[in-house]
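Structure first, then comments.
The values are calculated or read from the model by the stated rules, or taken from the named source; none is laboratory data. No experiment lies behind these values; they were computed from the predicted model shown. All Cβ positions, glycine included, derive from the backbone under ideal geometry; neighbour counts span all protein chains shown. When the accessible area is computed, the model is the full protein with side chains, heavy atoms only, and any ligands, DNA or RNA have been set aside. Shrake-Rupley method; radii C 1.70, N 1.55, O 1.52, S 1.80 Å.
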Amino acid sequence: MNQKSIESLKGIGEKTGKLFQKIGVDTIEDLLEYYPRAYDTYEDPSPIAEIKPDSVMTVAGMLERTPDVKRYSRVQVVTAVLRDGSGTMQLIWYNMPYLHATLKAGMRAVFRGKIIKKSGRLIMEQPEVYTAEAYGEIIHSMQPVYGQTKGLSNKTIVRAQKQALSARLIIRDYLPADLRRKHELAEYNFAIEHIHFPSDRKELLFARKRLVFDEFFLFLMAVRRLKDKRENKTSPFAIQLSDEVKTFQESLPYSLTAAQQKVLDEVYADMTGGLVMNRLVQGDVGSGKTIIAILALLQAACNGYQGALMVPTEVLARQHYESMNELFLKYQINKVPVLVTGSMTAKEKRIAYEKIANHEADIIIGTHALIQDKVIYDKLALVITDEQHRFGVGQRELLGKKGEEPHVMVMSATPIPRTLAIIIYGDLDISVIDELPANRLPIKNCVVDTGYRKKAYDFIKKEVAAGRQAYVICPMVEASEMIEAENVVDYTAALKETLPGMSIEYLHGKMKAKEKNSIMERFASGEVSVLVSTTVVEVGVNVPNATVMMIENAERFGLAQLHQLRGRVGRGKYQSYCILVNGSDQDGTKERLDILNKSNDGFFIASEDLKLRGPGDIFGIRQSGEMEFKLGDIFTDANLLKTVSEEVKHIFSEDPDLEKEENTELSRKLSEYLEKSYDRLNL
Ligand SMILES: Nc1ncnc2c1ncn2[C@@H]1O[C@H](COP(=O)(O)OP(=O)(O)OP(=O)(O)O)[C@@H](O)[C@H]1O
């Protein structure tokens, strides 16, 4: 494949190269695999008299005069007036003063952009400008729309893609021709070209099918490799159930639900059974997976072994570390948890590594810093990863390699039906916690529009006065010119004015780890009453005293993600509430959000969402990246996933080590894939 740097393309210098890196594109190969997020169909120009607000439209006409440039504090605004046979309209651009030099009075051109209503008039905002010839070339075609970043426009990405496609080497298709014929799959080079520039929907679907097939195929082959390696292996760690752990479980303030106990028994049976455990523990948000993990880790510790718990975020690692310390202190358990995270100082890390190496540490908690070479374990018998769809197979395997075949337990809150779970987690046995603790009151939900905010704030005020806490989620970190959605920074400032005297703080992924940790600690301790946050709190955060989850621009999130966010409340004994603020008046949005209104059950939500989207809907809002597939969606592409799973089984049964001649390329591609998934970990 083409590992040449993206800067080898014409017109991409160091500066643009850096912007590409920001979106995860370093090499030409990365670029070609940076697939469009959506496609635009370029329509015929509309007469100005017929334009409508809130949609993207095209108009063709003549500029009445050379545009004006005005400066308002930080923004430079260019305005122009366009005329066609049916009327005139205003065009407006922000921070693009150089347009002044190219757009002249009397010039004829085609403009395409979003129509907005401002002071009662219809205006076209940030239009793209084309000559009539240039527009003629793309009219009616499907043009790719890529995920962008500030400073890197769609046009630049399109240009780079075109160059990369024409300059690339045609690679040999690694899928055997028979297999392609059998499943009616496009040839690889064709698929790559047409996923970016399809001439119609049919061609796009054909290209997409091939690439989704590839994603599933390589993933399932990797899973299969893992399974073969691990299955029926004798464990070097003989574990006997400890009385100390039993006493600890009995002294907890609650007893385990029947479902938790059943799953715990399955985990114990694995750990004591003589073979290496490979188990997935699946349970809806708040079903109580953490205590299962703690009990299993304690069993390992009480047998003289170490156990590790790897979670996707630092906030979560710290939370687990602190709650474990508290628990152990309270119940006089003399086992030592140690935290390892990327943001610790070199000295802190060194101390932690020492404690791990000399076995002062019994339980090691951390982010993927846990799999770095510097961490040397002593008798690591159990590895638990809290997947929450963030870790790929590669990561799991690497942590596994740290010990001498440790027991492996994977926790996941992703509600996938059993038939799919068996495929995706083909290397693991599956346990399901299918019941919530009994003391929970179902969360009360509502879907409202922005006019409801005042009422919501009054409600938050009341809850805070009663000693409770609230989350407010916004999609953006800070204001953006490109996307109209609430942002954490401005929202917090405004909320502080609306609710004076209340302790309100914000949290987002761009903050330094130290700041994040301190805010999160202050929220967990109750010092901060309202946390305005991006979705960084989505995964596993546990503050049972929080009772209100208000989500701004709820329409921008996938239902599964909203369900995860909502799962941050209703985790204790208090009645909790979820307020979904719908910021869009588009058809169907409220209907989709209403699914959450109807149910608090993750499985139900996932299946209703699927019904609404339908299996053909490939551009709808994706379920927040369940797996690390770029194009494939395990729900909407479930049938293809099943087909691929059968095919993988078939290939391995005929050629277990991929040694047959027709599988040579396949074998090479699989090694490359495994290597790459290690690389992605940035070790
Ligand atoms: N059997 C139980 N009875 C009462 N409370 C419980 C029980 N089991 C766990 N809890 C409490 O429920 C809360 C949620 O549990 P936990 O954090 O383990 O959820 P989870 O399954 O990890 O959810 P998520 O996927 O959202 O992280 C915790 O405060 C925990 O102490």
Have a look at LEU565, LEU596 and point out the one that is within 16 Å of the ligand (Cβ to nearest atom) and within 18 Å of the chain's Cα centre (by Cα).
LEU565
Unmet requirement for ASP284, which otherwise passes all of (1) among the charged types (D, E, K, R); (2) over 17 Å from ILE430 (Cβ atoms); (3) within 9 Å of the ligand (Cβ to nearest atom):
(2)
Verdict on GLY625 being exposed (fewer than 14 other Cβ atoms within 10 Å of the Cβ) and either among the charged types (D, E, K, R) or modelled with pLDDT under 90 (or both)
no
Is it the case that some residue within region 427-434 is closer than 28 Å to LYS590 by Cα and surrounded by 15 or more Cβ atoms within 10 Å (Cβ to Cβ)?
no
Can you find, within region 413-424, the residue that is farthest from ASP601 (Cα to Cα) among those that are open to solvent by less than 20 Å² (accessible area, probe 1.4 Å) and away from the ligand (no atom under 16 Å from the Cβ)?
ILE424
Do we have any residue at all in region 148-168 that's more than 30 Å from SER645 (Cβ to Cβ), loosely packed, with under 14 Cβ neighbours inside 10 Å and either hydrophobic (A, V, I, L, M, F, W, C) or touching a Gly at 6+ places or on another chain (Cβ under 9 Å) (or both)?
yes
Restricting to region 34-48, what's the tally of residues that are more than 15 Å from ARG201 (Cβ to Cβ) and open to solvent by less than 30 Å² (accessible area, probe 1.4 Å)?
2
If GLU326 passes every condition in (1) more than 12 Å from the ligand (Cβ to nearest atom); (2) open to solvent by 40 Å² or more (accessible area, probe 1.4 Å); (3) without any contact (Cβ under 8 Å) to a residue 60 or more places away in the chain but one, which one does it miss?
(1)
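Quick grid of which residues meet (1) buried (at least 21 other Cβ atoms within 10 Å of the Cβ); (2) without any contact (Cβ under 8 Å) to a residue 60 or more places away in the chain; (3) within 18 Å of VAL489 (Cβ to Cβ); (4) not β-branched (Val, Ile, Thr):
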| position | (1), (2), (3), (4) |
| --- | --- |
| SER503 | no, yes, yes, yes |
| ASN517 | no, no, no, yes |
| VAL530 | yes, no, yes, no |
| THR535 | no, no, yes, no |
Some residue of region 107-124 being assigned to a strand (DSSP E or B), under 40 Å from the mean Cα position of the chain (by Cα) and without any contact (Cβ under 8 Å) to a residue 24 or more places away in the chain:
yes
Taking into account only those residues within region 360-401 that are within 18 Å of ILE430 (Cβ to Cβ), within 16 Å of the ligand (Cβ to nearest atom) and out of contact with any Phe, Trp or Tyr (no Cβ under 7 Å at 6 or more places or on another chain), which is modelled with the highest pLDDT?
ILE384
